[in-house]
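The values are calculated or read from the model by the stated rules, or taken from the named source; none is laboratory data. Everything numeric in this text was worked out from a predicted model, so none of it was measured. Positions of Cβ are generated from backbone atoms using ideal geometry, with glycine treated the same way; all protein chains shown enter the neighbour counts. Just the protein is used for accessible areas: all its heavy atoms, side chains included, with ligands, DNA and RNA removed. Shrake-Rupley method; radii C 1.70, N 1.55, O 1.52, S 1.80 Å.
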Protein chains: 2
Amino acid sequence: MPIDELVTRHQQTLDDALSAIRTRTYYSAYPESPSPRVYGETAAPEGQAAYEALLGKDFPLETPGAHGRVATETSPFGPALGVNYPRVPNTTKAIDELLAAAQATMPAWREAGPDGRAAVCLEILARLHSRSFELAHAVMHTSGQAFVMAFQAGGAHALDRALEAVAYAYDEQTRTPATALWEKPAKGEPLRMAKAFHVAPRGVGLVIGCNTFPTWNSWPGLFASLATGNAVVVKPHPGAVLPLAITVQAAQEVLAEHGFDRNLVTLAAEDPADKLAAALAVRPEVRIIDFTGSSAFGDWLEANARQAVVYTEKSGVNTVIIDSTDDFAGLCRNVAFSLSLYTGQMCTAPQNIYIPREGIATNEGHKTFAEVGSGIAQAIEKLLGDEARAVEILGAVVNAGVLQRLESAPEGRDVVLASRAITHPAWRDATVRTPAILALDASDADVYTSECFGPVSYLIATNSTDASIDLFRDTVREHGAMTAAVYSTDEKVLDATERAAIDAGVALSMNLTGGVFVNQSAAFSDFHGTGANPAANASFTDGAFVAGRFRVVQSRRHAG
Amino acid sequence: MPIDELVTRHQQTLDDALSAIRTRTYYSAYPESPSPRVYGETAAPEGQAAYEALLGKDFPLETPGAHGRVATETSPFGPALGVNYPRVPNTTKAIDELLAAAQATMPAWREAGPDGRAAVCLEILARLHSRSFELAHAVMHTSGQAFVMAFQAGGAHALDRALEAVAYAYDEQTRTPATALWEKPAKGEPLRMAKAFHVAPRGVGLVIGCNTFPTWNSWPGLFASLATGNAVVVKPHPGAVLPLAITVQAAQEVLAEHGFDRNLVTLAAEDPADKLAAALAVRPEVRIIDFTGSSAFGDWLEANARQAVVYTEKSGVNTVIIDSTDDFAGLCRNVAFSLSLYTGQMCTAPQNIYIPREGIATNEGHKTFAEVGSGIAQAIEKLLGDEARAVEILGAVVNAGVLQRLESAPEGRDVVLASRAITHPAWRDATVRTPAILALDASDADVYTSECFGPVSYLIATNSTDASIDLFRDTVREHGAMTAAVYSTDEKVLDATERAAIDAGVALSMNLTGGVFVNQSAAFSDFHGTGANPAANASFTDGAFVAGRFRVVQSRRHAG
């Protein structure tokens, strides 16, 4: 299909997305329900079959510079995937070849212009959308997300986030017109200059994927870089290659169908011992890096990959301030779900819950510190009481690191809720655990000021809500956070917490007691991360996330 | 005047500026002609008197942390200015005080919102505009620019560039609405969330001024940071303090009149031995840096001030490719003026002029390499033949460094045009020099790949125009450039040069033979710098120049 037909095909979706980012009201282009009524009767079994057909085989993809193959994935639900990918070894020769191939693709892609590139990106998203069920299985068996969550967060919501990034990229590139006639009044004839403004890509983009959200966290950077004219090298987490291999495959198919070089988007799978990401990140050809993962490596990238603009999402200590509530049961249910969803393995899951040591006022009367804790603990036990239902919320523990932190966390602490193991009815080898809650004091800053990634949260006794707010502001400023929440019936407390959240640079959810959870951010409306505290230097998605990925180069000449 | 009246007063100017940045056609809000017909009969003498009243005195400004005073300015036209400024010593105590005072100003300024801040910024620009003649003398006697140039580049054009930055800042901040109602369809009642999006400043901005364009190069960063909610510390070049002292004074007056803290904008004058800029630049409170000056210090800032977003304009090797022309006389006149204006002390002035060694085709027949050189040399001699007229183009040599480079440049080289000294009819102690032109060969890369800032240019013999274009691409990629120009009657050559300019990331002017010069960039239409080559990592002004100066922090709650 010629590019201009592709532009026409996707114009409405792009226009709707552009409108959504200007209003930040509700918008979604990809249905989140895996129901047969939405996706058709055959979609689910076909997607599962497509996924299963990939297992134990060579994944059909070629990467310049690759040598040999690697298979590094084991499902958190048990089986090894056995999918083999071209291995990019950490050698100068291999990296030279890979990056030279990427660079060679850019001139033709630049010529496609913002409209052509947006259309190709949307066609890639459509291709990925058509593989939603296959992708859901791939996300499930690499991240440990339960199936429906993998379908939603790994598919529909990730597609929405990617579309959002394409929309911002398009908007930013077209903010400056392609041409302008400049006419300056002068004595006699005016001075007239014809000007052209060319969008020039910055260079090769490197996307470094994570284990828990291989698509949701990688696609915004990938599509933002691609839409602004850059080639992209995707370096997946060794534990979550398949969702990004499918992504690269879909991208290459669409690119090739429209006459562009497949190597605009390449997969750089590695043997984990190779530490390929660090080697790629400091190469002069790499001018953009998108990273989700540990603060240690994120900080290293920011400090060392100085030839590139670096967008990081790292880690922090997400906070809940509990002051008072007119719906104690709703509070407990909501917090319980946020702590349980995907076994607390979300960068947005709460960790530090500040509660005045003298307790709180509620619609059920005064609740002591201990009663608040037991209220939340009971809500978790109720939520996860039915094991068949529990595994669909919890998913599986993604890797040994999370399990280790969970097992070592309670030592010498006051356990409000102990974690327990659950046997998955369908996947006997899955590692499934319920959340643990520990009680701490505000003086235990050595414990609660570092992130314990996984299903461990702390109820922290403070002297007062004012003290909670101060602690929140200081802790987030210093250690970062992706999310914060507050419960209060007092508008003054909500206002003070909001000011503290602005000071600390973290998004705040107030009095969530229903079907919205602090760990969820909705594409086109909620910003994920602010870039204003140490947990992340960027946001999904705003102007700053796209503006640095290209430059405008102008030319001018006298006009007749 | 209440803020809302100020918003009303400046709405039309802001709207016009917002429209101009979207079309990038001609726009100017501040008349560039110093004519009495425009500014009134008394403006010129009053401005001069205001300037003279400042000389030899304590400049009336207070800076937190300052101790003692410094007077560091001598006019390139001769006299020492003797203006004394509060000195900020390079001590922890002084810097602590200065930055604490700056930080304390931000919460109230944040509350003013994008509209209030834009209005206050435009009122500051109006105040500065009312001091145009005073500012012109201050710029003239610190930079060495001739009076009319100081009035235009240091006043009207700088005001336009500042307004452009305010417009981009406003546009970027208001891209996300202040509030949104999010309504997600659900079984039964939709989920409804009321969301608020708060613009949060990044932190203290540091503006590091330069000697040659103290206002034009500093105001965009200053006003971009201020308009986005940040406090700004202005660290002027020790040789060009006065224009920025006047700037800070005007800003403080307007801020105080509208109930804001004067210390939102402060002047950090230094004893040059203190190296204050480097000390300020790495402080954790400083989150934004705008710098114009040497590549050495700019590169140091980019490498070391990692807690901040750093916008730099450094140096490079501006290039002209001469292939052919249908107006040889116009070419020579145009290049001659570009080399002469302000004694070549513009970061946009050409240095490397590539000419095929076999000569070029022109409307006057074939011209040898030597004839092209003598054509340009003769045009310079004609332009600068009348000394009274010459000094109004040349201005004065800004400092000893430029003079030294000029005097040491010709050693052992083929001199096409020798520099000569001119006695300024009005300022006998002024250091005035005409440009020097040397002939080089393409093999002399050791000479022409580094910037010789000042009135020295090179005519470089290449094997062909193709070779010129390749040399241009490679040299700019490696060493940077702020500008490039090409002369050719062949559209293929223009296209190839344009592609090379996009590859190298430098703005290109084609066939300038009239009243537009390669060293000039018009606010609202021409981008100054691209951020795509080593000469600068930013541009006046685009989305990327403003997007990183603030963050959006959201809050959300259930809506009824």
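Candidates in segment B:198-212 are the residues that are over 23 Å from residue B:15 (Cα atoms) and of a type in the set (A, V, I, L, M, F, W, C); of these, the one that is nearest to the other protein chains (Cβ to nearest Cβ) is B:200. Only strands (runs of 3 or more DSSP E) whose full extent lies in segment A:312-382 are considered here, and the ones with at least 2 residues that are in contact (Cβ under 8 Å) with a residue 12 or more places away in the chain and in contact with an Asp or Glu (Cβ under 8 Å, 6 or more places away or on another chain) are A:360-362.
Within the span defined as segment B:180-190, one or more residues are without any contact (Cβ under 8 Å) to a residue 24 or more places away in the chain, at negative phi and of a type in the set (A, V, I, L, M).
Picking from B:157, B:129, which residue would you name as being in contact (Cβ under 8 Å) with a residue 60 or more places away in the chain and away from every other protein chain (no Cβ under 14 Å)?
Numbers: B:157 fails: away from every other protein chain (no Cβ under 14 Å).
Selected residue: B:129, the only one of B:157, B:129 that is in contact (Cβ under 8 Å) with a residue 60 or more places away in the chain and away from every other protein chain (no Cβ under 14 Å).
Taking segment B:26-45 as the range and being over 24 Å from the mean Cα position of the chain (by Cα), over 15 Å from residue B:147 (Cβ atoms) and not β-branched (Val, Ile, Thr) as the test, the residues that pass are B:37, B:40, B:41.
I'm trying to understand the selection: among the residues of segment B:383-394, which are open to solvent by 20 Å² or more (accessible area, probe 1.4 Å) and outside any helix (DSSP H, G or I)? Break it down stepwise before answering.
Residues of segment B:383-394 open to solvent by 20 Å² or more (accessible area, probe 1.4 Å): B:383, B:385-389, B:392.
Residues satisfying the conditions are B:385, B:386.
Answer with yes or no whether residue A:104 is hydrophobic (A, V, I, L, M, F, W, C), within 14 Å of chain B (Cβ to nearest Cβ), more than 27 Å from the chain's Cα centre (by Cα) and surrounded by fewer than 16 Cβ atoms within 10 Å (Cβ to Cβ). Walk me through it before giving the result.
Working: hydrophobic (A, V, I, L, M, F, W, C): yes; within 14 Å of chain B (Cβ to nearest Cβ): yes; more than 27 Å from the chain's Cα centre (by Cα): yes; surrounded by fewer than 16 Cβ atoms within 10 Å (Cβ to Cβ): yes.
Yes; evaluated as a whole, the condition is true for this residue.
For residue B:253, state whether it is among the charged types (D, E, K, R) and either open to solvent by less than 10 Å² (accessible area, probe 1.4 Å) or over 18 Å from residue B:115 (Cα atoms) (or both). First the steps, then the outcome.
Numbers: among the charged types (D, E, K, R): yes; either open to solvent by less than 10 Å² (accessible area, probe 1.4 Å) or over 18 Å from residue B:115 (Cα atoms) (or both): yes.
The answer is yes for residue B:253.
Name the single residue, out of those in segment A:256-280 being touching a helix residue (DSSP H, G or I) at 6+ places or on another chain (Cβ under 7 Å) and part of a helix (DSSP H, G or I), that is surrounded by the fewest Cβ atoms within 10 Å (Cβ to Cβ). Only one residue fits best here, namely A:256.
Report those helices (runs of 4 or more DSSP H) wholly inside segment A:82-158 carrying at least 1 residues which are out of contact with any helix residue (DSSP H, G or I) (no Cβ under 8 Å at 6 or more places or on another chain) and small (Gly, Ala, Ser).
Details: elements: A:92-104, A:106-111, A:113-129, A:132-143, A:147-151.
The helices (runs of 4 or more DSSP H) meeting that bar are A:92-104, A:106-111, A:113-129.
With respect to residue B:230, is the statement that it is within 14 Å of chain A (Cβ to nearest Cβ), polar (S, T, N, Q) and within 21 Å of residue B:308 (Cβ to Cβ) true? Yes. Residue B:457 meets the stated requirement of being touching a residue at least 12 places away in the same chain (Cβ under 8 Å), more than 14 Å from chain A (Cβ to nearest Cβ), closer than 27 Å to residue B:145 by Cα and not in a loop (DSSP other than H, G, I, E, B). If you go through segment A:161-190 and keep only what is at the interface with chain B (Cβ under 8 Å from one of its Cβ atoms) and in contact with a Pro (Cβ under 8 Å, 6 or more places away or on another chain), you end up with A:183, A:184. For segment A:31-60, taking the residues that are within 14 Å of chain B (Cβ to nearest Cβ) and hydroxyl-bearing (Ser, Thr, Tyr), the one that is most open to solvent (accessible area, probe 1.4 Å) is identified as A:33. Looking across segment A:507-522 at every residue that is at the interface with chain B (Cβ under 7 Å from one of its Cβ atoms) and farther than 23 Å from residue A:29 by Cα, the one that is nearest to the chain's Cα centre (by Cα) is identified as A:507.
From A:493, A:486, A:476, A:397, grab the single residue that is closer than 30 Å to residue A:81 by Cα and surrounded by 20 or more Cβ atoms within 10 Å (Cβ to Cβ). The conditions single out A:397.
Residues in segment B:523-560 that are open to solvent by 10 Å² or more (accessible area, probe 1.4 Å), in a loop (DSSP other than H, G, I, E, B), more than 7 Å from chain A (Cβ to nearest Cβ) and over 17 Å from residue B:222 (Cβ atoms): B:534, B:537, B:559, B:560. For segment B:6-28, the count of residues that are within 12 Å of chain A (Cβ to nearest Cβ), part of a loop (DSSP other than H, G, I, E, B) and either of a type in the set (Val, Ile, Thr) or without any contact (Cβ under 8 Å) to a residue 24 or more places away in the chain (or both) is at least one. Filtering segment B:496-522 to residues that are open to solvent by 10 Å² or more (accessible area, probe 1.4 Å) and of a type in the set (S, T, N, Q) leaves B:511, B:513, B:520, B:521. Answer with yes or no whether residue B:462 is among the hydroxyl-bearing types (Ser, Thr, Tyr), in contact (Cβ under 8 Å) with a residue 40 or more places away in the chain and under 26 Å from residue B:497 (Cβ atoms). Against the criterion (among the hydroxyl-bearing types (Ser, Thr, Tyr), in contact (Cβ under 8 Å) with a residue 40 or more places away in the chain and under 26 Å from residue B:497 (Cβ atoms)), residue B:462 qualifies.
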